Amino acid sequence: MTDPLIFDGHNDLLLRIYNNDVLPGADGFQGSGGRQIDLSKAKTGGFGGGFFAIYVPDSTSLGNDDDMMATSYDLPLPSEIPWSDASKVAMAQAAILLDLERDGALRICKTVADIRAALADGIMAAVMHMEGAEAIDRDMACLDVLYAAGLRSLGPVWSRPTRFGHGVPFRFPSTPDTGPGLTADGRRLVARCNALGVMLDLSHLNEAGFWDIASLSQAPLVATHSNAHALTPHSRNLTDRQLHAIRDSDGMVGLNFAVAFLREDGRMDADTPVDRMLRHLDHLIEHLGEDRVGFGSDFDGAVVPKDIETIAGLPALRAALRAHGVDDALMQKLCQDNWLRVLNLTWKDS
Ligand SMILES: [Zn+2]
């Protein structure tokens, strides 16, 4: 059996394209341009698609990968971005995704059936996701409009604060318990997402916010790109207690490929063996079960182990998984079925 295409929980391709300041269309998506994701690499690596994040960057840099090479670090969190600024960027990035679809580079999927069809047709499957809800207004009119455009997943925060809640800073070592929980608007956002069938993403949220959503949300708890705090005590990773809450809600976690969340020392060093990913995967499976773990690569937004580097390097991960004893049934779950399972439980029209 050939290994299934990988449907993945998180990438930052839209930000990459946005930063190049062009609407690329399918042609721009063909060339490499230093990106970790493009169509030819997808073919080489067996990348089937996944969640494509709309993300509003800061005007000031919060630090860079060099700052995360130290033995410990605590990068300052940028301040809140006003809705009027954020909404322009979010619209531009949503338009980039729509443009890629118009040019036939990918297909925006709004139902599980859409994802299955795209994977079967060999067309990249894209779920529109928003990482940090700065672009959602208090009345949530923007949420309704973006839902109509295809938005099906939303993280109330990237790491900086929003009107809805507080995220974790990039801090190592640190627990995820770094501040207050959801705001009143954040609690309303949970109810609105539940009503629409928009998946709530808990990655980047601090622990108080996590427990607020755990008690409020009707949907399975999902962290699209996070790892095990027991193995890498980074603020961005999930404690065993959080993993058990995710398991009990029948949710799931996407394994993040970013080396800072994989390594024992939390350093952003590409010289990291793929074996660290297997260690985290084992821990996640031990605490969540085989049905509640998938991939959440963070491609185009992170430094990943050098033996993988881009989506063209995914065969190295598959080989490592096979050598680790992953059989056909588990491979199918990790690559596709677990994401489809949780989306089927979360979305209104599956
Ligand atoms: Zn992220």
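Across segment 326-340, rounded Karplus estimates of 3J(HN,Hα) from the backbone phi angles (6.51 cos²θ - 1.76 cosθ + 1.60, θ = phi - 60°) give 6, 8, 4, 5, 5, 4, 4, 5, 5, 7, 9, 5, 5, 5, 5 Hz, Gly and Pro being marked x. Remark: relative contact order (the chain) = 21 percent; criterion is Cα-Cα distance under 8 angstrom and separation of 6 or more residues. Less than 5 angstrom separates the built amide H of residue 203 from those of 224, 225, all sequence-distant by 5 or more or on a different chain. Each principal axis of the Cα cloud of segment 235-349 was taken in turn, and the coordinate range along them, longest first, works out to 40, 32, 27 Å.
Across segment 247-259, coupling constants 3J(HN,Hα) worked out from phi with the 6.51/-1.76/1.60 Karplus curve, θ = phi - 60°, read 4, 5, 8, 6, x, 6, 10, x, 5, 7, 8, 5, 4 Hz, and Gly and Pro carry x. Only helices enter this figure: runs of n ≥ 4 DSSP H residues, each worth -39500 (n - 2.57), summed and divided by the residues of the chain, yield -11000 deg cm²/dmol at 222 nm to the nearest 500.
Accessible surface for the chain, divided over its residues, is 36 Å² per residue with a 1.4 Å probe. In segment 284-350, the portion of solvent-accessible area held by carbon and sulfur atoms comes to 47 percent [1.4 Å probe, whole percent, DNA, RNA and ligands not counted].
Pairs of alpha carbons in the chain separated by more than 27 Å make up 39% of all such pairs. For the listed peptides 261-267, 194-200, a ranking on the average number of other beta carbons within 10 Å per residue, highest first, reads 261-267, 194-200. Dimensions of segment 173-233 based on its C-alpha atoms, expressed as ranges along the principal axes with the largest first, amount to 36, 21, 15 Å. Full extension of the chain between residue 265 and residue 91 yields a length gain of 58.9 nm, computed as 0.36 nm times the residue separation minus the alpha carbon distance. Modelled spin labels at residue 230 and residue 2, positioned 7 Å past Cα toward Cβ, are 3.7 nm from each other.
Over the C-alpha atoms of segment 214-269, the Rg to Rh ratio, Rh being the Kirkwood estimate, stands at 1.02. Protection proxy ranking, highest mean first, for peptides 148-160, 76-88: 148-160, 76-88, where packing is the per-residue count of other beta-carbon atoms within 10 Å, averaged.
For the pair residue 145 and residue 290 in one chain, pulling the backbone fully straight at 0.36 nm per residue adds 48.6 nm over the alpha carbon distance. Judged by the mean number of other Cβ atoms found within 10 Å, the most tightly packed of the peptides 42-50, 125-133 leads the ranking 125-133, 42-50. Between the amide H of residue 54 and those of 129, 130, 131, distances stay under 5 Å, these residues lying 5 or more places away or on another chain, with hydrogens modeled in the peptide plane. Of the solvent-accessible surface of segment 171-247, computed with a 1.4 Å probe and all protein chains present, 52% belongs to carbon and sulfur. Computed from backbone phi with θ = phi - 60° and the Karplus coefficients 6.51, -1.76 and 1.60, the 3J(HN,Hα) list for segment 38-51 is 7, 5, 6, 5, 4, 5, 4, x, x, 8, x, x, x, 8 Hz; x is used for glycine and proline. Between the amide H of residue 73 and those of 172, distances stay under 5 Å, these residues lying 5 or more places away or on another chain, with hydrogens modeled in the peptide plane.
The values are calculated or read from the model by the stated rules, or taken from the named source; none is laboratory data. As the structure is a computational prediction, the values presented were derived from the model and not from experiment. All Cβ positions, glycine included, derive from the backbone under ideal geometry; neighbour counts span all protein chains shown. What goes into the accessible areas is simple: the full protein's heavy atoms, side chains included, and nothing from ligands, DNA or RNA. Shrake-Rupley method; radii C 1.70, N 1.55, O 1.52, S 1.80 Å.
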